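The values are calculated or read from the model by the stated rules, or taken from the named source; none is laboratory data. If you're wondering where the values come from, they're calculated on a predicted model, not measured in any experiment. Cβ placement follows ideal geometry from the backbone for every residue including glycine, while neighbour counts extend to all protein chains displayed. Only protein heavy atoms, including side chains, enter the accessible area calculation; ligands, DNA and RNA are left aside. Shrake-Rupley method; radii C 1.70, N 1.55, O 1.52, S 1.80 Å.
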Amino acid sequence: MLVIWTDCDREGEHIGSEIVEICRGANQRLDIYRARYSAVTQSELRRSMGNLQRLDLLQVSAVEARCELDLRSGAIFTRFQTLRLRDHFPSVSKDVISYGTL
């Protein structure tokens, strides 16, 4: 049995899916659960351990879609601004002016 205790947000859910992929590569028979908690207190962690759930694959998919959109929009905007700004700033005419989301 494996219990995933990552942050209780979408990114934590996605990280949990990566943990599942790695661990299932080592042991296909693992029974995998997700602990959901809102505070790191004894009572909250006990409550969470008594109410284990499965990973939310819809949240995992949402993070994967956002990552793909961030990558594509970053590539498009990097190309656009690099080509557009070369004419206005000769000192960076041979450089790539990269864009990325936070």
Kindly list, by first and then second residue, each pair from a residue in segment 76-102 that is more than 26 Å from residue 66 (Cβ to Cβ) and without any contact (Cβ under 8 Å) to a residue 60 or more places away in the chain to a residue that is small (Gly, Ala, Ser) and open to solvent by less than 100 Å² (accessible area, probe 1.4 Å), limited to pairs with Cβ atoms under 6 Å and residues at least 6 apart or on different chains.
86/93
Residues that are touching a residue at least 24 places away in the same chain (Cβ under 8 Å) and open to solvent by 60 Å² or more (accessible area, probe 1.4 Å), drawn from segment 55-65
57, 64
From the list 41, 101, exactly one residue is of a type in the set (Ser, Thr, Tyr), loosely packed, with under 14 Cβ neighbours inside 10 Å and at pLDDT below 90. Which is it?
101
What residue, among those in segment 1-38 that are surrounded by 12 or more Cβ atoms within 10 Å (Cβ to Cβ) and β-branched (Val, Ile, Thr), is nearest to residue 64 (Cα to Cα)?
15
